[in-house]
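These notes are about the structure you will find just below.
Bear in mind that the values in this text are calculations on the coordinates, not laboratory data. What you are looking at is a predicted structure, and each value in this text was computed from that prediction instead of being measured. Glycine also receives a Cβ, built like all others from the backbone with ideal geometry; neighbour counts cover every protein chain displayed.
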Amino acid sequence: MVQPLKRQIGLDRCRFFISAAAPLAPLVAHFFAALGIEILEAYGMSECVGLATLNQIGKNRIGSVGKTLSGVEIKIAADGEIMVRGPNVFKGYYKDDPATRAAIVDGWLLTGDIGAFDSDGFLKITDRKKDLIVSSGGKNIAPAPIEERLMRCPGIAQAVVVGDMKKHLSALKTLDRDVMQSVAAERGFALPAPSAWSDDSAVRGYVESCLGPINQQLAPYETVKRFAILPAQFSLEAGEVTPTLKLKRRYIIEKYRPTIDAMYDEVYARV
């Protein structure tokens with residue numbers, strides 16, 4: 001069955017793929033690996049002539065972007081930012097000295113990405129520096145890994161974690177109506193109209209039941225204490241996602257500022 005499928009989509013003529021520019025879902029990588037096709041994630045940017053790290057055939061760690069390429073140096077700054085140095089790093093932006101000085105410090109290219117090496121030297125990208133949440137206690141928190149965990153719960157379509165300069169994190173969540181219909185049937189409750197999801201006790205109870213086990217896997221300062229359920233998924237038409245379906249985090253946060261403030265007002269009113 002696998003070979004006919006591979007032939008139909010042309011995979012019988014490929015030894016491997018290279019994926020970069022955006023995170024590759026591990027589920028997708030594992031699916032293709034099961035077909036005998038390796039997807040090798042890589043990492044880099046135009047300012048370092050494309051690549052700085054790469055997984056290799058036979059040395060491919062799904063969930064990472066591989067090891068540092070020969071001749072390239074990478075170090076992780078105190079705040080988690082990935083810094084690159086080597087002959088592949090550009091000299092600077094054309095006729096833009098201020099931007100060049102901001103991008104290259106002491107020969108190191110500041111990538112703006114947050115990441116870490118595992119014990120075997122494979123680099124993992126966790127977030128963009130500009131998206132880091134700084135709690136009122138001074139903790140730097142990468143929201144993307146937490147959001148990815150939240151979206152593992154069946155029916156949770158999208159999640160945006162917030163909490164900059166707050167004591168705890170909260171989240172905006174959207175639901176997949178079709179999946180929630182199945183969840184409601186299994187749990188024996190009637191799924192109301194999307195406009196009522198945020199206040200419906202059964203819907204909130206289900207989302208809350210998913211949140212508990214997730215919080216147990218996180219550090220105390222990373223746990224999500226409150227959430228709001230929005231009536232519709234973030235969309236391109238509403239200006240909330242890019243054409244490549246990436247969430248416009250800052251736009252979403254400003255758009256739903258009253259909803260976010262209400263989550264924190266609710267908590268602090270009880271203190």
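Summary table below
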{"quantity": "For region 2-130: lysine pairs under 22 Å (alpha-carbon distance), excluding those fewer than 8 apart on one chain", "calculated": "10"}
{"quantity": "Estimated FRET transfer efficiency when R0 is 30 angstrom, pair Arg101-Ser19 (beta carbons, to 0.05)", "calculated": "0.40"}
{"quantity": "Where no second cysteine Cβ lies under 4.7 Å, the cysteines concerned in the chain", "calculated": "Cys14, Cys48"}
{"quantity": "Antiparallel bridges, percent of DSSP beta bridges restricted to the chain (to nearest 5)", "calculated": "75 percent"}
{"quantity": "Global geometry of region 2-130, whether rounded, prolate or oblate, following the gyration tensor of its Cα atoms and the 1.5 cut on a/c", "calculated": "prolate"}
{"quantity": "The chain - mean residue ellipticity at 222 nm from DSSP helices (-39,500 (n - 2.57) per run, n ≥ 4, rounded to 500)", "calculated": "-8000 deg cm²/dmol"}
{"quantity": "In nm, spacing of pseudo-spin labels at Thr242 and Lys255 (7 Å Cα→C-beta vector)", "calculated": "1.6 nm"}
{"quantity": "Among Thr126, Thr174, Thr244: highest mean-square fluctuation, GNM of the chain, C-alpha pairs under 10 Å", "calculated": "Thr244"}
{"quantity": "Beta bridge orientation in region 141-271: antiparallel %, DSSP, nearest 5", "calculated": "60 percent"}
{"quantity": "Chain lengthening between Lys225 and Phe90 when straightened (0.36 nm per residue, less Cα-Cα)", "calculated": "44.2 nm"}
{"quantity": "Given [x] 188; [y] 143; [z] 117, the label whose value is volume of the Cα convex hull per residue in Å³ derived from this model", "calculated": "[x]"}
{"quantity": "Net length gained if the chain between Ile57 and Glu148 were fully extended (0.36 nm per residue, minus Cα distance)", "calculated": "30.1 nm"}
